[in-house]
Every structure is written in structure tokens, then in C-alpha cells.
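Remarks on the structure that follows.
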């Protein structure tokens, strides 16, 4: 049983290293230059949080993305009352798809 657990942990680690990290680096490269967001670089995880600098709620932002571009993100308000001007983006997409949606 322990060998299977170790395999799962190692596989998960490899997936992050190869996929999520690549998406995170690309997102940072693109979004850190965007005056609409504040991007805080992190060093792990499956998601990134973007702070929306403009006067728009995260609900309006994600609704607009979904309607205009068919891109789904999560409103920050679901993570607490202090996160209404944040949005959460998943890094768990294939890199080419992620890259296309971010441009």
C-alpha cells in the first residue's frame, strides 16, 4: 500500500513539474504585464489568484469571460469576503490550450 502511495505522490509531483509549473510561468509572463491585474507569483499549487485592479467585482469579471470567450474561472468571493476583487484560474489544462485561452 505504501508503494502505491509513494507512486501517486511522485506522479503528482511530476505532473506539477511538467504541466502546472509550465502554465504558471507562462501566466506570470503574460499577466504580470497586464495593468488590469495584480499577479502574485507562487511556487506551487494548481491555481493562481489574480487581483482585479479595476472597479469590477469578480462575479462580473468571470461572467464576462464566460459569455465573451467561453473561459471559466472562479469568482474570488467564494473564498471569503476579502476576495471579491480576485479571481482564481486553474492551471490544470494542457499547456497549448492554456496558452491559447490566456492570449
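Derivation of every value follows stated rules applied to the coordinates shown; laboratory data play no part. In this text the structure is predicted, and so the values were computed from the model without any measurement. Backbone-built Cβ (ideal geometry, glycine too); neighbour counts: all protein chains shown.
Spin-label model, residue 69 to residue 81: label points 7 Å out along the Cα-to-beta-carbon direction sit 3.1 nm apart.
Between residue 102 and residue 55, the modelled label-to-label distance comes to 3.1 nm, taking each label 7 Å out from Cα in the direction of the beta carbon. Compared with the alpha-carbon gap, the fully stretched path from residue 26 to residue 92 is longer by 22.5 nm at 0.36 nm per residue.
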